[in-house]
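Contents: one structure, followed by commentary.
All of the numbers you see were taken from the coordinates with simple rules; none came from a lab. This structure is a prediction, so every number in the text was calculated from the model and none was measured.
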């Protein structure tokens, strides 16, 4: 299998603060990879390392086989990069910025850019600095799609966008992903949008990497059980059966990678009396919160 | 091929360039009006005596203009790059990062050169209208270090703005503030008549200093 991105044994510290240790993942060509985590768990750090804007404390990232710390112009031409907050050259207007970027990319597709700009209903001489956050996001999206890159790196594309613009963004991303041989690396803290988009995920927490697996496998294996305890509320701790737990009065929400039968046996082995034991269906966002906790 | 980087930089710099250029011409006009006035009201021979033997610099009003121009151009050009880390967009372009930085400073330095050239050429014309050729060459030699200080100011401000850490920025500001002082030892005219080639070399050396700040930015120093 051909990998577009390979991160090997990535460890990073800011001063003495560990961001993560020994992060490993590979992104196969043509896949949509989500790096998920709450704010401050190292998503942007990883994006910065991938783009060569940050030297990791140890480990390395390879993009198209090149070390991300020294990407050649030819490799950078194959990567579309969306900065967090949809940052672009705001002193330009939408005509000037299209003219500027088109000079760098031989496969430049101006139709897709102007198609998105038409939706904005702004004049071609409107400066980007005078646009709303949603409009700026469309300019940034139009520019990276017009590049026709082989790899798209999107740093929290959903930041500051209302649901309409998020949906529009996703619709175009999905179309892009359908094209042959395209790979997407996306980070986001709004998980619900990604459920139908990504096919592999790494979930980061403040303590490091919580999970790395295909989304379908994660949603199939990770379960949410709810039950009521009778008598004293048990002091359940995280272990190999209990991945996460929330107790409100005598209502227990238990998250686990084990089957219902295994969890029930586990509860019985601890002498816990319970009732109304049932599995609750989860969206990807529910599963993410179940795994990482609400705080 | 004409690099699109120049197009981007021009979009940022064009208004600042035109305003500073206009201001430089106004300063020249001011010198012309003052000179015309003084030569009418002071006896010409006596005025020439003051210029030659007492070292009166009728053009001292433009002493800090090139420096101000260099600092303004660098701020207008590089502040937008540092705001929200936009420099990452520039470094992500499919061009070698050092080449991008050098192209950026080359356009800024070129515009600074145009401003300085116009300022000095008009000053030479004004001087030539009232004084002999020897005075004109003396004026050029006297303003030359001020012009060079403008370039140092431009390169230094660009380097300081790209530098990611404030503590280092402040240290660099102090160093350059002290260094630029060397261009203003003007006890008399023609002070730099023999040393200006060395100052020119030092000024040119400053043009690549930005690469160091750019390297630190790319390596993620924060």
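Helices in chain B, meaning DSSP H runs of at least 4 residues, each add -39500 (n - 2.57). Divided by all residues, the mean residue ellipticity at 222 nm is -26000 deg cm²/dmol. For the stretch A:50-124, the convex hull drawn through the C-alpha positions has a volume of 119 cubic angstrom per residue. Hull volume per residue, based on the alpha-carbon atoms of the stretch B:143-212 and their convex hull, is 66 Å³.
Over chain A, the ratio between the Cα radius of gyration and 2.2 N^0.38 Å evaluates to 1.15.
Annotation: Cα Rg of the stretch A:215-280 relative to the compact-globule expectation 2.2 N^0.38 Å equals 1.05. Along its three principal directions, the equivalent ellipsoid of the stretch B:17-98 from the Cα gyration tensor extends over semi-axes of 45, 12, 9 Å, largest first.
The Cα center of the stretch A:7-58 and the Cα center of the stretch B:164-183 differ in position by 35 Å. The spacing between the stretch B:53-72 and the stretch B:193-222, judged by their C-alpha centroids, is 23 Å.
The relative contact order of chain A comes to 19 percent, based on Cα pairs under 8 Å that sit 6 or more residues apart.
How big, in percent, is the set of alpha carbon pairs in the stretch A:1-92 lying more than 14 Å apart? Could the numbers behind the result be given before it?
Values: 2855 of 4186 pairs.
Value for the stretch A:1-92: 68 percent of Cα pairs lie more than 14 Å apart.
Starting from the coordinates of the alpha-carbon atoms of chain B, obtain the Kirkwood hydrodynamic radius over all distinct pairs and give the value in Å to one decimal. About 18.8 Å for chain B.
What per residue convex hull volume, in Å³, comes out for the stretch A:149-228 when only alpha-carbon positions are used?
On the way: hull volume 11.7 nm³, N = 80.
Looking at the stretch A:149-228, the number lands at 146 Å³ per residue.
Summarising the overall dimensions of the stretch B:91-222 from its C-alpha atoms, the Rg and Dmax are 17.5, 57 angstrom.
What percentages make up the Cα-Cα pair-distance distribution of the stretch A:123-194 when the bins are 5 Å wide from 0? Once binned at 5 Å, the Cα pair distances of the stretch A:123-194 give 3, 14, 27, 25, 17, 9, 3, 0. Over 22 Å, how big is the tail of the calculated P(r) for the stretch A:154-295, in percent of all Cα pairs? Considering the stretch A:154-295, 47 percent of its Cα-Cα pairs are separated by more than 22 Å. As a length-normalised measure over Cα pairs under 8 Å and 6 or more apart, the relative contact order of chain B settles at 27 percent.
Within the P(r) computed for the protein assembly as shown, what percentage of the Cα pairs occupies the region above 42 Å? Write out the running numbers ahead of the final one.
Numbers: 51446 of 133386 pairs.
That tail contains 39 percent of the Cα-Cα pairs.
Over the C-alpha atoms of the stretch A:1-154, the Rg to Rh ratio, Rh being the Kirkwood estimate, stands at 1.01. Sorted into 10 angstrom bins from 0, the C-alpha pair distances of the stretch B:47-133 split as 14, 32, 23, 15, 11, 5, 0 percent. The C-alpha radius of gyration of the stretch A:82-183, expressed as a fraction of 2.2 N^0.38 Å, stands at 0.99.
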